[in-house]
1. What does the accessible area per residue of the stretch 278-385 come to in Å², with a 1.4 Å probe and no ligands, DNA or RNA counted?
2. Rank Tyr95, Tyr573 by accessible area, highest first, at a 1.4 Å probe radius?
3. Could you tell me how far the Cα centroid of the stretch 256-311 sits from the Cα centroid of the stretch 463-512, in Å?
4. Could you order peptides 556-569, 64-77 by the average number of other Cβ atoms within 10 Å of their residues, highest first?
5. What whole number of Å gives the distance from the Cα centroid of the stretch 379-408 to the Cα centroid of the stretch 555-602?
6. When percent of Cα pairs over 36 Å apart is calculated directly from the model, which label among (1) 40; (2) 56; (3) 52 fits?
7. On a 0 to 90 degree scale, rounded to 10, what angle separates helix 84-99 from the longest Cα axis of the chain?
8. At 0.36 nm per residue, minus the direct Cα-Cα distance, what do Arg383 and Asp470 gain on full extension? Give it in nm, one decimal, please.
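The values are calculated or read from the model by the stated rules, or taken from the named source; none is laboratory data. Note that the structure is a prediction, hence the values are computed from the model and not measured. Don't worry about glycine lacking a Cβ; one is built from the backbone with ideal geometry, like all the others, and counts go over all protein chains shown. Surface areas here come from the heavy atoms of the whole protein model, side chains and all, with no ligands, DNA or RNA. Shrake-Rupley method; radii C 1.70, N 1.55, O 1.52, S 1.80 Å.
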Amino acid sequence: MAKSLYIAAVEPRSGKSVVALGLMELLSRRVPKVGFFRPVIASGDRPDKELHLILTRYNLEHAYEDAYAHTHEEAREMTAEGQYGELLKSIVGKYRELESRCDFVLCEGTDFTRVSSAFEFEFNADVANNLGCPVLAMVNGRRKSTDQLTQAVQVARESFRGQGCTLLTTIVNRVDPEQADAVKQRFREEGAKEGPVYILPEKETLGKPTIGEIAAALGGRILQGDPDWLNRGVHDFKIAAMQLPNFLHHVLDGSLIITPGDRADVILVSLATVFSETYPNISGLLLTGGLTPEPQVQRLMEGLSKSQVPVVSVDTDTYTTAMNVSTVPAVLTPDNDRKIATALGVFESHVDTKELGDLIAGAPSTWVTPIMFESDLIERARRDRQHIVLPEGGDERILKACEILTRRNVVDITLLGNEEEVRRQIDLLGLRLEGIPVVDPARSEWRKEFAEIYLEMRKHKRIPMDVAWDAMGDVSYFGTMMVQQGITDGMVSGAAHTTQQTIRPAFEIIRTQPGRSIVSSVFLMCLEDRVLAYGDCAINPDPNPEQLADIAISSAETARQFGIEPRVAMLSYSTGESGKGEDVEKVREATRIARKQRPGLKIEGPIQYDAAVDAGVARTKMPDSEVAGRATVFIFPDLNTGNNTYKAVQRSAGAVAIGPVLQGLNKPVNDLSRGCTVTDIVNTVAITAIQAQSMKGA
């Protein structure tokens, strides 16, 4: 079952608030703790009306600040500066914090008010995908024919699916009431194969602002009117510039009268119309120019207060005021019970709430994007903070990653290097890392103790003390010994060192886990919609069958650590029993050994990559396999095949390759590429912390 749903419109003024309100009513009856989230709101200075409505009406436990990630301005600046990926990560991070406290989160997309519709549509699709939310698509049915609506729904469906979204259902809102039945019949004839389409007719009162909304939008002062009066809907507005007889001819029921504040004749006659059985009831008076009636007129107005007509004063001139009124949108506010009841009535009368509730309950929740996976790494790492040592303390990328990790409270960090040089580099980069300890191995009080421990570990090699002393002056050896001695929980290195410089100390000091014959590696390959594990693509050039079986078992355990259900494909150039040859026999034997050592492990081999990943091919080549067509862990027969394949997938499919993640060591040490980015470092540190958590819990 999905834990969320994303309301996304394909054009402005679709009436998302009506649907959000109806869904919250539905979810509140089914789910104990419901949250509400918007990735982007209009402004940080003024409360977002949608958030205010939902949080207030449903007494949600989370704070207003927890229910959104960014303002339009912040999102625009980040996008303009080429930080679109960081914007999505930030939204996912904020959403995850809320999701962890809720059983279900209803998300509402942006309003199509500040940027191009094409960009905003893609943005909402990207956010929905990265939050792992199925989408409820909304189409604005206002002023569209039945054919136009049919086409608009089809375009919306194809557009969201084209972006890789899981489309749950579609709602067409604001349809002409006289046309609604014909539109419903058209979609009923289409059949259910595309999923249900719900049709909500236009309700005029929901599309009109109230006096209170207009007063708030224009910064007006209430001269007369109880709060209940301000909930009156404004059906249209009239500028009173004519003489009274002509003006009265144009007044309609629900009109807002706009007139200068010194037009006593218009003011008093407008208030008096309420007492007349022959004239329509106006909704209110809007006095312009910052002018207020003379005291004598105000006294008369007080006597007419039983008319219950609100009177509002604004500073702008009459023309500007009229223009401003014309742009005020209708909103739902928590204090307007009449409007809320109307909105819920429309939703519940035209949406099969049982059917929709069952759809939500049955929606799949298997989509995993790279940003989702990276966000989950950060969240898991910070649940139980570990202490990670970074030997390359003078590297600019390491320091920038260090600031991100400490600001997000992911891990505790110790840097290695010359303290003066490291602090100088931190200052030059303008980073805030005052609380981070910097240890210089050459001057550390631990160096002698570490050298003696290393000497004892390597006594079978008969190394002299001066060699042990020199080794502990090296940042990689010193950092590894910190992990071994429990001073830190893990180490990440390689930004400025070779793989051998990083892992050789680990082989000598930390060593392999009991039952593991070798240290190996996996890359976590984040594709568009899932995460796979590739092993071994970095360490062992040509493993024998026993070693290949070891790699498969270790890779399955690593995959499980990171939320990937292991279904292991032992890759070769042939599938099943069809192939012969030394290379195929090696994979076949490795599969037999792995099955014997781990009887419950889902593993298949030898198997070709296409049969492992493609369900159609799998049905032909291995129809009875639990792994074929559904593999999540791919074991390559040698380093040449593995390294080339992961790089080909990374570049051709646009996959994010996280790793190599080392496996088989007694304590976690991980290697970075010398071409790594700051994001790579952040991810690898989080992975190392999660490995440390797992080893402590084992």
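1. On the way: 5290 Å² over 108 residues.
Per-residue value: 49 Å².
2. Ranked list, largest accessible area first: Tyr573, Tyr95.
3. About 85 Å separates the Cα centre of the stretch 463-512 from the one of the stretch 256-311.
4. Numbers: 556-569: 21.1, 64-77: 17.4.
Descending mean neighbour count gives 556-569, 64-77.
5. With the stretch 555-602 and the stretch 379-408 each reduced to a Cα centre, they are spaced 35 Å.
6. (2)
7. 80
8. Working: separation 87, 0.36 × 87 = 31.32 nm, distance 3.77 nm.
Length gained, Arg383 through Asp470: 27.5 nm.
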